[in-house]
Each structure stands twice: as structure tokens, then as C-alpha cells.
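Inspection log for the structure reproduced underneath, given as C-alpha cells.
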There are 2 protein chains.
Amino acid sequence: MLKYQKIALEIARHITENLQQKDKLPVIETLISHFKVSKSTIIKALKVLEDKGIIYMVRGSGIFVRGEGRKEYYNLLGVNELLEDASDNRYDLLEIMEMKRINALPEVTNALRLEKTAKVYSVKYVYYLDKQVTCLEQVFLSQKIISNLDEEIALKPIWEYIKDVLGIKMGFPDIYVNVDKLNAEEASFFGLNAGDPMLCKEIIYHLVNGQPFCYSKAVYHYKQARFFLKVNSPN
Amino acid sequence: MLKYQKIALEIARHITENLQQKDKLPVIETLISHFKVSKSTIIKALKVLEDKGIIYMVRGSGIFVRGEGRKEYYNLLGVNELLEDASDNRYDLLEIMEMKRINALPEVTNALRLEKTAKVYSVKYVYYLDKQVTCLEQVFLSQKIISNLDEEIALKPIWEYIKDVLGIKMGFPDIYVNVDKLNAEEASFFGLNAGDPMLCKEIIYHLVNGQPFCYSKAVYHYKQARFFLKVNSPN
């Protein structure tokens, strides 16, 4: 972890433990002398916190705590690693229902930009909360990037494996959200009726060089389909 | 519009008109001599394009076109003013169904951080596409910020009014998404049945000083509830 990332983490923890929405942070000069680093390092750390929606900066006025948003909603971008207590408590149990190597269907070769005859790993997950199914996820992994998938790997966050084992940095994700009716098979998992609402969240993860390597399709129980997104001020 | 914003716009137009996903942009030095500006101005312009999900930068390798994402999906963050052709074609007609000053309910005073006795403007909009209702929106505006709402103002984008008339800059929005069943009244607007799916998107807009001033609740026909979000690489 780089210096500015450590500082961002420390400030984020301080905010979670001690501060509330609209509270003011010390001025930049105070942060510089407290952390004993350069101004540019502090600016970088603050930029991380701004990007994560943890602070907002008002020119000529100061740095303020943005507040966490609604408790019963989940970060659309996934877990915010700077706020561990806001971790994904959407589920308390995760199971792999099926894991196999398959011929990729067109929607998968499109998403992962693979040739038509490509094979991919397909992993189906079930997420439970209080013994109720809250989410069904199917993940497709490009064999070019991940060549030896097993249960242990499949149960870890994919970016951890990419970073720690393959030494490749994660790039940008594309996220798609749509709403539809549950089909009979999905409904039976959720204990709902066919035709009941569902939210489908698709994510295409890219490596830092722009290559897509992981395509996830997750269907949520409509009562757990609550997401928030903190956007930055427009440029 | 500032210099770097103009350059960002020009590059965005060039990309839309001439380039495709994964195409490479000229190196920074070429952009500097083409636009005849400083390196820091080019960097700022590229940062805008990266934040909007239009380009991605690979250290040591270059600047690449990110691609537009799925056509039939809409930007969760609203219209991207750098890509005019990707404008919000979710509706072809917008009507104001009701506009009045009301005593704010608790969910509104909470969202806008107003005292319990505050009055707000409430505007109900109906969005049509091909003569079908695609979205019902109710917007609550803080009277502290907008004191003389009329139809003309209510039909313009709120940030335009805030900027041009009041001279205040928009700050960050908080976005909430959830899924539920339509009630009978909503369903009758959409020509659907009570119990059919809907997506509800709430946005709380803040001024640049962190004060919330506009709270929007929009219910979408589930067949039009398709959003995309292009996220940046993690820090």
C-alpha cells in the first residue's frame, strides 16, 4: 500500500469512528504536519477520499465529511475497502452451486471480447441472508487470464486473486442494471412467485490494460435490491 | 467553459465521430502541440474524459477509447454532456402533472435536511416515449434555494437554473436505487398491473457547499429501467 493510500485509510477510519456528516476536517497544512508528508501526498489521499464519497471539499471553505448514506442500502460499486464497517452485509453465507468449463455463449464472448469458440469457466453462486436466498450470481471467467480455477480461488474476491496470484492490476468495471420479472426457476430459489420483480446487475471487469476478463450476472431478491451511489461533483 | 473543459469536449466529439473501442489516442506531447496548451491543461482534460468513462489510460502504453457500452441502456448518472449523441432518449415528451407548495413530509425534510415545519415545492412529471408512460417523477425543491418556481423553470434541467439564474454551482448527488412492485395508481399510468416490477431511482442533489436542495423520486416502467455506469479504475 502506498503512502497516500495509507493516509486515506487512516483518515477514513478517523471519520467513521469520530466524525459525522458536515463535520469539518483539519486544513491541509495541519494534515501535512500531522502525517509528516508532502502537500502532494495529502492532496492525493484527499482525492481518494473524495472519489469514494467520504469527504467533499469546498474551495475557500474547507474539507467536510459527506456522511454514509442510508443504512439499509448497499454500495452499487461493491465493498468500500476504506470503510470496513460498511462492508457487504448483504449476505451471511455464500455457496458455490456449480462450477464448470463451458463453451461460451454469444453474450459471454461479446462481454469478454473472446473468439466465438472460446471456453470459459462458469461459476454459479448462491448468497444467503438469515437462511433466505438473497442473490443468484453466475460468473464467467476468461480462461486466458485464469487457467486453473478451483473452489478455493472461486470463493475469494476475484480482484484479490488477480492481484496477489497473477500480479495483474484490476482496471475499470462496466456496470449494467436492469429490472425484470423472475422466471419460475429463479422464483423457486427465492421463495417468490414467477413474475415477481427482480433486479439484475451485470458487471464486466477489465484488467488495467482494458482487456475484459470477468463477466458477472447477479439476480437479486427485490427486497434486497437496494443500492446507493455517491457521485462526485461534476467537473 | 474553461480551457480544459473545451479541450475535453473537442476530444470527446472526435472520439464519437471517428474512433472505436480500444483505438489509441495520440500521445500527450502531440495533444500539447495540437491544442497549444500546457501539459497540466491536457492532463486535466484527460482526467475529465477518464472520469466520464470515455477513455482509459494505461501507464507506459497510452490513452485508449473505452467504448460506449450497451446502446439500449441509459447513463445512471444522467446525460453525459460530453457526448451529445448519447443524450437522454429515454423520453420524447415531458409533462408537468402537478406543481404546488406543500408542507414537507419527514422523508423530504430528512433528505433535504430541513426543519420539520418547512414548506417545499413539489412537482410531478410524466415522461412519455412513443405515447407510453415510461417514468413518473416527483421532485421536491427547497424553498430556501428556489423561491419563485414556475412552469418555465420547472421544465428546465435544475442545474441549469441553479447555475444560470442563481449563480450557484451544483455539488455532488447521492443516488439510491431500489426495486419493488407497482401499486395500483402507478400501474394505471404505465398500463401495467399492480404487482408488476418497477425501479425507483432517488437522487438528492447538493450545492457545492454540501447543502441538499433538490430531492427527486422517479419510478420507471420496468422495461425502460436499464442503466449503465462506467466506473474508473480503483485507486
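The values are calculated or read from the model by the stated rules, or taken from the named source; none is laboratory data. Note that this is a predicted model, so its numbers are computed, not measured. Don't worry about glycine lacking a Cβ; one is built from the backbone with ideal geometry, like all the others, and counts go over all protein chains shown. Each accessible area value is taken on the protein alone, full model and side chains, heavy atoms only, with ligands, DNA and RNA left out. Shrake-Rupley method; radii C 1.70, N 1.55, O 1.52, S 1.80 Å.
Values for this structure:
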item	result
Residue A:58 versus residue A:147: modelled label distance in nm, points set 7 Å from Cα along the beta carbon direction	5.6 nm
Loop chymotrypsin sites (Phe, Trp or Tyr not before Pro), segment A:127-212 (other Cβ atoms within 10 Å of the site Cβ: 15 or fewer; DSSP)	none
Inter-label distance for residue B:97 and residue B:131, nm, one decimal - labels placed 7 Å from Cα along Cα-to-Cβ	1.9 nm
Carbon plus sulfur fraction of accessible area for the protein assembly as shown, probe 1.4 Å, in percent	50 percent
Rounded to 10°, Cα long-axis angle of helix B:39-51 versus longest principal axis of chain B	40 degrees
Accessible surface, 1.4 Å probe, highest first, among residues B:162, B:145	B:145, B:162
Among A:33, A:122, A:216, residue whose mean-square fluctuation peaks in a GNM of chain A (springs only between Cα atoms under 10 Å)	A:33
Size of charge dipole - segment B:3-67 - debye, nearest 20, with Cβ of Lys, Arg +1 and Asp, Glu -1, no other charges	180 debye
Contour minus Cα-Cα distance for residue A:194 and residue A:90 (0.36 nm per residue)	35.2 nm
Listed residue pairs exceeding 19 Å between alpha carbons, taken from A:22/A:230; A:24/B:116; A:217/B:22; A:181/A:201; B:100/B:163	A:24/B:116; A:217/B:22; B:100/B:163
Gain on full stretching of the segment that runs from residue B:13 to residue B:33 - 0.36 nm per residue minus C-alpha separation	5.3 nm
Cβ-placed point charges (K, R +1; D, E -1), dipole of the protein assembly as shown about Cα centre in debye, nearest 20	1600 debye
Helix B:3-18 vs. chain B, principal-axis angle (Cα, 0 to 90°, nearest 10)	90 degrees
J(HN,Hα) series, segment A:218-227, from Karplus relation 6.51 cos²θ - 1.76 cosθ + 1.60, nearest Hz, glycine and proline x	10, 9, 10, 3, 5, 6, 9, 8, 10, 10
Cβ-placed point charges (K, R +1; D, E -1), dipole of segment B:93-228 about Cα centre in debye, nearest 20	320 debye
Dipole-positive endmost among A:220, A:78, A:191 within chain A (Cβ charges, Cα centre)	A:78
